[in-house]
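Here the structure comes first, spelled out in structure tokens, and everything after it is commentary.
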Amino acid sequence: MASFTVELVSPEKVLFSGEATQVITRTLGGGEIAFLPGHAPFLGALTENHTRITLADGNVLDVAVHGGFVQVSGDKVSILSDVAELGEQIDRTRAITAKERAEESLRKEHDAEAVAALSRAHARLNASGGMAGLNSGSH
Amino acid sequence: MAGGQERILRGRIRSVQATKKITRAMELIAASRIVKAQQRVAAAVPYSDQITEVVKDLAAAGGASQSPLLAGRDVKTTAYVVITADRGLCGGYNAGVQRATEGEIKKDVLKGSDYTVIAVGRKAEGYFRFRGYKIQRTFAGFSDNPTYADAKQIGEFIVEEYLAGNIDRVELVYTRFISAGSQEVVQRPLVPLERETVEGGDGKGLDADGTAADFEFEPDPGTILDTLLPRYVEARIYAALLNAAASEHAFRQRAMKSATDNAEELIKNLSRIMNRARQDSITTEIMEIVSGAEALSGDSKKVRLVELMPLVEAASTPVSGH
């Protein structure tokens, strides 16, 4: 199967680099977008999202990407992000607490910081095993 | 008395030895940190390379020009971001950066334009505050191990001030790390972003395969550029901080190495003086014994002098004489 090189780069180090067959991410205002090998050159700004990288061996790498950019050119996809966390390294308990705290403060008033915190928590939770099984008692 | 001098010297040698132990430890710590800092510099390269590439691609697609970060304006106030260490004991590291900045500021003042200092590191703050320069803001506490969050904080402040019109040009002054043996103080323009870096450049801009022009953008190039440029500024600052940190360790290692060598030299000289003093006091002591014995002997001088000879030897070496 055709594959391309995916690089996930944060300012401090290269988080991941390897062959993959598909990348799904979410652009600013544009919704989710999937890249397959041979995609046209593309440049996009990303929101907080749960990015899925289907590796060449069929496994899926889950990553919480907190904003950044994606660049597709030739057979290479580069994701640049200030803050990105691999799914297996995410502290779920902390993310859940953060989610509840954000929801709590959103119930009182609508402020941008809490909205951002909530979407960060969502990205983390999605990337670390999904929202299922979570007691979303807040609704 | 001679014994007193010897005691004083012994005390001094001990204190120099203690200092030497400290400088030696600092030297070793700095040496091990250089390696780590160097790795961090290297690890930051892919991101800054790629973000530069993205900026070029965007510029090639014509998304540039609206952002004030790209367009220069008449320079009334120049902000100098001075990156130094938080601590001293690193030879001429801080002095080099401070002197370079001071020279630039003087030039600006002569030209009649205004300046302001953004001090990164306690040493820069202390230096410029003491001399009465205008300090706009200080950042400190991370000079030997900067994180991206630190760079972000500085970057956000600079972008904010620039967009607010308080500053019209930003220059970075820091020490570039070339290798463990060589570093240099450099001054790099940061904002507005250099035209040549952003436009065309040497990347795969508008070259033969023509891919650059065919990029799809989401959202539009202008919006991407607006979110991208602050990140680009941060990445540049981060790279400068990492270079400065590596240089700081290299400077400190060298300074501490020469301090250790000096201490060794000092110990050698002091030991020599101390040994001489000890020898002197022994000689004096023998002389006292001899003259004491002589005084006691009374009349028969000749006989006594002959008998005293073995006594002199016995004083220096415990030989079972008689």
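So, in region B:214-229, exactly how many residues are facing chain A (nearest Cβ under 7 Å) and either of a type in the set (G, A, S) or touching a residue at least 12 places away in the same chain (Cβ under 8 Å) (or both)?
Of the residues in region B:214-229, 4 are facing chain A (nearest Cβ under 7 Å) and either of a type in the set (G, A, S) or touching a residue at least 12 places away in the same chain (Cβ under 8 Å) (or both).
Report, by residue number, each residue of region B:165-206 that is assigned to a loop (DSSP other than H, G, I, E, B), of a type outside the set (A, V, I, L, M) and either on the phi > 0 side of the Ramachandran plot or modelled with pLDDT under 90 (or both).
Within region B:165-206, B:G165, B:G181, B:P192, B:E194, B:E199, B:G200, B:G201, B:D202, B:G203, B:K204, B:G205 meet the criteria.
Output the residues belonging to region B:143-186 that are surrounded by fewer than 18 Cβ atoms within 10 Å (Cβ to Cβ) and of a type in the set (A, V, I, L, M, F, W, C).
B:A149, B:F157, B:L163, B:A164, B:I178, B:A180, B:V186
Name every residue in region A:17-57 that is under 20 Å from B:F217 (Cβ atoms), part of a loop (DSSP other than H, G, I, E, B) and more than 7 Å from every other protein chain (Cβ to nearest Cβ), in order of residue number.
Result: A:L36, A:G38, A:H39.
Going by what's in this entry, would B:K21 be described as within 14 Å of chain A (Cβ to nearest Cβ), part of a helix (DSSP H, G or I), surrounded by fewer than 16 Cβ atoms within 10 Å (Cβ to Cβ) and among the basic types (K, R)?
So B:K21 fails the test.
Given (1) under 17 Å from A:R52 (Cα atoms); (2) modelled with pLDDT of 85 or more; (3) surrounded by fewer than 16 Cβ atoms within 10 Å (Cβ to Cβ), identify the lone condition not met by A:E88.
For A:E88, the failing item is (2).
Inside region B:229-239, can you point out the residues that are of a type in the set (A, V, I, L, M, F, W, C) and more than 11 Å from B:L69 (Cα to Cα)? Reasoning before the result, please.
Residues of region B:229-239 that are of a type in the set (A, V, I, L, M, F, W, C), as a first pass: B:229, B:233, B:235, B:237, B:239.
B:A235, B:I237, B:A239 - these are the residues of region B:229-239 that are of a type in the set (A, V, I, L, M, F, W, C) and more than 11 Å from B:L69 (Cα to Cα).
Applying the selection to region A:1-16, what residues are in a loop (DSSP other than H, G, I, E, B) and within 20 Å of B:R236 (Cα to Cα)?
The first filter runs over region A:1-16 and keeps only residues in a loop (DSSP other than H, G, I, E, B), leaving A:1-3, A:10-13.
Within region A:1-16, A:S10, A:P11, A:E12, A:K13 qualify.
Going by the conditions given, is B:A293 in contact with a strand residue (DSSP E or B) (Cβ under 6 Å, 6 or more places away or on another chain), hydrophobic (A, V, I, L, M, F, W, C) and either over 21 Å from B:I13 (Cβ atoms) or modelled with pLDDT of 95 or more (or both)?
In short, no.
B:L9: more than 14 Å from every other protein chain (Cβ to nearest Cβ), in contact with a Leu (Cβ under 7 Å, 6 or more places away or on another chain) and part of a helix (DSSP H, G or I), yes or no?
For B:L9, the condition - more than 14 Å from every other protein chain (Cβ to nearest Cβ), in contact with a Leu (Cβ under 7 Å, 6 or more places away or on another chain) and part of a helix (DSSP H, G or I) - is met.
When you go through A:V9, A:V63 one by one, which is the residue that is surrounded by 18 or more Cβ atoms within 10 Å (Cβ to Cβ) and within 12 Å of chain B (Cβ to nearest Cβ)?
Numbers: A:V63 fails: within 12 Å of chain B (Cβ to nearest Cβ).
Going through A:V9, A:V63 in turn, just one is surrounded by 18 or more Cβ atoms within 10 Å (Cβ to Cβ) and within 12 Å of chain B (Cβ to nearest Cβ): A:V9.
The values are calculated or read from the model by the stated rules, or taken from the named source; none is laboratory data. Since this is a predicted model, take the numbers as computed values, not measurements. All Cβ positions, glycine included, derive from the backbone under ideal geometry; neighbour counts span all protein chains shown.
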